[in-house]
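Worksheet for the structure shown next.
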Number of protein chains: 2
Amino acid sequence: MSRAFPRITEVRLTPILIADPPLLNRSGVHQPYTPRLIVEVETDGGVTGLGETYGDTVYLDRARELSRDLIGRSIGAVNAIASIGRSASTLLDAEPAASGLRGALTTDKVRLSVLSAFEVAVFDALGRHLGVPVHTLLGGKVRDAVDYSGYLFYKWAEHPVAVAEPDDWGPALDPDGVVRQARKFLAHGGFGSLKLKGGVMPPEEEIAAVRALAAEFPGLPLRLDPNGAWSLETSLHVAEQVGGVLEYLEDPTTALDDLAELHRRTGIPLATNMVVTAMDEVRPAFDRDAVQIVLSDHHFWGGLLATRDLAAVCRAYGRSLSMHSNTHLGISLAAMTQVAATVEGLDYACDTHYPWQAEDVLTERLVFRAGAIAVPETPGLGVGLDRDALARLHERWKAMPHYRVRDDVAALRRAGIRSSAR
Amino acid sequence: MSRAFPRITEVRLTPILIADPPLLNRSGVHQPYTPRLIVEVETDGGVTGLGETYGDTVYLDRARELSRDLIGRSIGAVNAIASIGRSASTLLDAEPAASGLRGALTTDKVRLSVLSAFEVAVFDALGRHLGVPVHTLLGGKVRDAVDYSGYLFYKWAEHPVAVAEPDDWGPALDPDGVVRQARKFLAHGGFGSLKLKGGVMPPEEEIAAVRALAAEFPGLPLRLDPNGAWSLETSLHVAEQVGGVLEYLEDPTTALDDLAELHRRTGIPLATNMVVTAMDEVRPAFDRDAVQIVLSDHHFWGGLLATRDLAAVCRAYGRSLSMHSNTHLGISLAAMTQVAATVEGLDYACDTHYPWQAEDVLTERLVFRAGAIAVPETPGLGVGLDRDALARLHERWKAMPHYRVRDDVAALRRAGIRSSAR
């Protein structure tokens, strides 16, 4: 017989608030603090595992419910986690203020986002138990480093509220500011591609920003992501103006038929993390050829195995897979890196917000070299938890109840700015 | 750092001939001996691994070429095996005499069939190295036993040649014979469903056989598989006559549009291992709704990870996955069981020829209980190699060069029977 696997004895859920710079997007502006949830799985074998996911109250509440079903399970039974709490999905919010930038919020997306952190924590524990990196448990790496893209944002110099951490990135509200930020990004991590979060300024200004980036960094692959802010006409116009320097356009608009028409008429590859965000959205998008690159997010797809499943679906249908990112810490970056290391045909560098996060709960921050994170060979995820940092950020969560739900629109309101006038 | 993984030092390829009863199919009759290839992977860590695949000369030759590329690889790098020898695929045979019953033979299908045995052997070695069953390396089992279907064949009493092993199954050439065989099958393994290989007798006789089975075993799920022998009209007629007692009809005909029309008009679920046999065949079939159940074969899809990939594609498109079988031994049955144990939504019992194989290379034969194989908890595949049996079957391969390519049509010719007159 094989040695028996350790069983899960405790699931510790720690909601935290992490500092976030005033990054602008279609919905508004990032609040000074954003919630994340840190998951620790303990076992009767002594090994523990770490996971991370969205920390808004709806996720935290669901995690508290679902975590009870983890207790007693073997850490060898990872596939079985996917069915925890499964039931018919219902719509929670068609256009949630911030997480709406990853599509509508459903009960199943909340469930899967919670389970993703459980799954990652169990994989971490299993890897530590067996003395192998998580990627071995996913069939093994096919690359030694995972490329990430430098993620540029229009940005205020500082948060318009009294209590906020300062950042040293400076403002970026015009093409010059965007180029300045890009230089800083390249100095920070040597990124091999750049993405600009659009949908913030009038399209002509964003076109000018992309052109300024192309002029400053000739040949560097560029991406523009307005989070579905545009009409088909505007999308066609932008594609015409800067299609030649973009490796892809991300979620220019949200109607599948419009996306299909845009691709048909301009040939520009279209990426999404808004119109294909769950398995039941794959077929309608692929059937119309509305999407050429699916940006997976292991959180809302349900974990690392689910990400590999999505990669398989993309391969079968001749689509590319890359990765979406929302504000996250190093545990999630480590998880993204582990699964991305195992996926064949990852043609586009993955997205990450990590350079924007000055705070983390890791004992050692992950470092970008030449735009990439080296795939660790240490057991599990290859990261360690800084309990002091975790406790400090949890204290902040307790002290600041009004930031427990990310709301980029509220942040704008608080700044006295109407969304349409920024 | 993690412990380093053992590296592959040797790949031993042993072609064998195994006894096969005179089972009838659309192409002809199974020859008295059929080739298989047993793969042994040795490592510098002491652990070894077992794999099995098609043994016809074209596979053996390719295995000899490709095995050189395994030497020196880490057994932790399973995903990387899929790209060994990858190049543009060309058609080898549009309708090969026997393996044509799994679609056209391409260079890539040969390559993947070889790699599947390499991958299984490496998984076996990795599992032994880590002390875990292979299913743990696929995310863990979601069931404790894998259901198989009893696989009925029209059958002669004996091979019409002098040198052949006798079998004790007796003939089955009419409804009574088929029912008699089914009783024997149920006594052998307690199967919870029965499949009849059709396309052998005139459709009316096969309809009568299915009706006889339904009358004898009320409520037992039945399947009929004529290997694409019928026209759309015949398929419609059969679906009308016995659709009510069939859980699915398998490859009644081969044109996608005909299959789609058959399903649309009759509602009968259609399974295939002939029109969807490689990733590039998925989309045309799914787009037309020509196939509701894909019968995966880990050999020609390229291994266990590829089988999980196919399962993901089926799930995304609302199709079911089950498993096809060709003549195989216990190593392949163990591999099928390991991966099937990890796949969610395996709604239909898998096919297997195993009960027809009196010979094996295992130290201990796998046993069906209540139609299922228990998922082993022992390290690796959970099976051991009987070297004496392997040597004996290899000696037979050396002594009988005319059976090194399976050819069911040749077997008919040798029996002095024209295909159309049997």
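The values are calculated or read from the model by the stated rules, or taken from the named source; none is laboratory data. Because the structure is predicted, anything quoted here is derived from the model rather than measured. Cβ sites come from the backbone with ideal geometry, for glycine too, and all protein chains shown count toward neighbours.
Overview of results
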item	result
Within region A:304-328, tally of residues that are of a type in the set (V, I, T) and within 26 Å of A:I38 (Cα to Cα)	2
Odd one out for A:C314, checked against (1) of a type outside the set (S, T, Y); (2) under 24 Å from A:H188 (Cβ atoms); (3) within 14 Å of chain B (Cβ to nearest Cβ); (4) assigned to a helix (DSSP H, G or I)	(2)
Lone qualifier among B:V47, B:V41 - being over 21 Å from B:R396 (Cα atoms), modelled with pLDDT of 95 or more, buried (at least 24 other Cβ atoms within 10 Å of the Cβ) and not small (G, A, S)	B:V41
Qualifying residue in region B:342-350 (condition: under 27 Å from B:Q31 (Cβ atoms) and touching a strand residue (DSSP E or B) at 6+ places or on another chain (Cβ under 9 Å))	yes
Residue in region B:154-202 that is nearest to B:A399 (Cα to Cα), counting only those that are among the basic types (K, R) and touching a residue at least 24 places away in the same chain (Cβ under 8 Å)	B:K155
Sole exception among (1) hydrophobic (A, V, I, L, M, F, W, C); (2) part of a helix (DSSP H, G or I); (3) outside the structural domain of A:L91 (by TED's automatic domain parsing) for A:L196, by number	(2)
Of residues in region A:100-125 being in contact with a Pro (Cβ under 9 Å, 6 or more places away or on another chain) and of a type in the set (A, V, I, L, M, F, W, C), the one farthest from the other protein chains (Cβ to nearest Cβ)	A:L105
Conditions (1) part of a loop (DSSP other than H, G, I, E, B); (2) more than 28 Å from A:R36 (Cβ to Cβ); (3) out of contact with any Phe, Trp or Tyr (no Cβ under 8 Å at 6 or more places or on another chain); number of the one not met by A:L262	(1)
Hey, A:L105 in contact with a Leu (Cβ under 7 Å, 6 or more places away or on another chain) and more than 27 Å from A:G384 (Cβ to Cβ) or not	yes
Residue in region A:360-376 that is within 25 Å of B:R319 (Cβ to Cβ) and either outside any strand (DSSP E or B) or more than 14 Å from chain B (Cβ to nearest Cβ) (or both) present	no
A:L24 touching a residue at least 24 places away in the same chain (Cβ under 8 Å) and either of a type in the set (G, A, S) or under 30 Å from B:E377 (Cβ atoms) (or both)	no
Counted residues, region B:281-294 - those being in a helix (DSSP H, G or I) and farther than 12 Å from B:V313 by Cβ	2
Number of positions in region A:229-255 that are in a helix (DSSP H, G or I) and either within 19 Å of the chain's Cα centre (by Cα) or buried (at least 20 other Cβ atoms within 10 Å of the Cβ) (or both)	5
Only one of B:G55, B:G85, B:G139, B:G72 that is crowded, with 23+ Cβ neighbours inside 10 Å and either at positive phi or within 11 Å of chain A (Cβ to nearest Cβ) (or both)	B:G139
Filter result for A:D61 (modelled with pLDDT of 95 or more, over 25 Å from A:D386 (Cβ atoms) and of a type in the set (D, E, K, R))	yes
Breaking point among (1) within 14 Å of chain A (Cβ to nearest Cβ); (2) over 24 Å from B:G345 (Cβ atoms); (3) surrounded by fewer than 17 Cβ atoms within 10 Å (Cβ to Cβ), for B:R128	(3)
Subset of region B:247-297 [of a type in the set (S, T, Y) and more than 14 Å from chain A (Cβ to nearest Cβ)]	B:Y248, B:T253, B:T254, B:T266, B:T272
Every residue from region A:377-404 that is part of a loop (DSSP other than H, G, I, E, B) and touching a residue at least 60 places away in the same chain (Cβ under 8 Å)	A:E377, A:T378, A:P379, A:L381, A:G382, A:V383, A:M400, A:R404
